[in-house]
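No lab work stands behind these numbers, since they all come straight from the coordinates. Predicted, not measured: the structure shown is a model, and the values here were computed from it. Neighbour counts run over all protein chains shown; Cβ positions are idealised from the backbone, glycine included.
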Amino acid sequence: MDFPARVLDAVIGHCRREYPNEACGVLAGPVDAAGPRDWWPMRNVAEHGRYRYTMDEVEQLHVWKAIDAIGHRVFAIYHSHTDADDYAEPSPEDLRHALDPGILHLIVAPFSILRDDHRIRLWKVVDGSGIEQPYTVVST
């Protein structure tokens, strides 16, 4: 999967603005693209947002409809972790809530938020297990 550098920069910027709470959002793009071209930041409405994320259901519905209306699809959901320097693996809660194996999960480690040493990993969740996925950062 290809991720434009500008999309990853936008995601990291969103994560920095939300820190110390987890940030979350959606990555989408044209159906026939090799990866997402747009990012849609979402509000984290989790009661304990420093340790988990929950997308606002109404906002999520509007975003999904907007993505569909322009003929795009959701490639991935992103969120940040905030409690360990290099933790960019799905938590047990992340695995429980990942219901669609067709949607990947991009996880941003706190190291990426606080420093410029990016630790971002992409996961496919199948039957409650995370399988790391390769991706390429492209400049276009």
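Among DSSP bridges having both ends in region 2-138, what percentage is antiparallel? Round to the nearest 5.
Working: 22 of 30 bridges.
Taking every DSSP beta bridge with both residues in region 2-138, the antiparallel ones total about 75 percent.
Quick one: if the Förster radius is 25 Å, what FRET efficiency do GLN133 and HIS97 give, using the C-beta to C-beta distance and rounding to 0.05?
Here the calculated transfer efficiency is 0.90.
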Shape category assigned to region 2-138 from the gyration tensor of Cα positions, a/c cut at 1.5: rounded
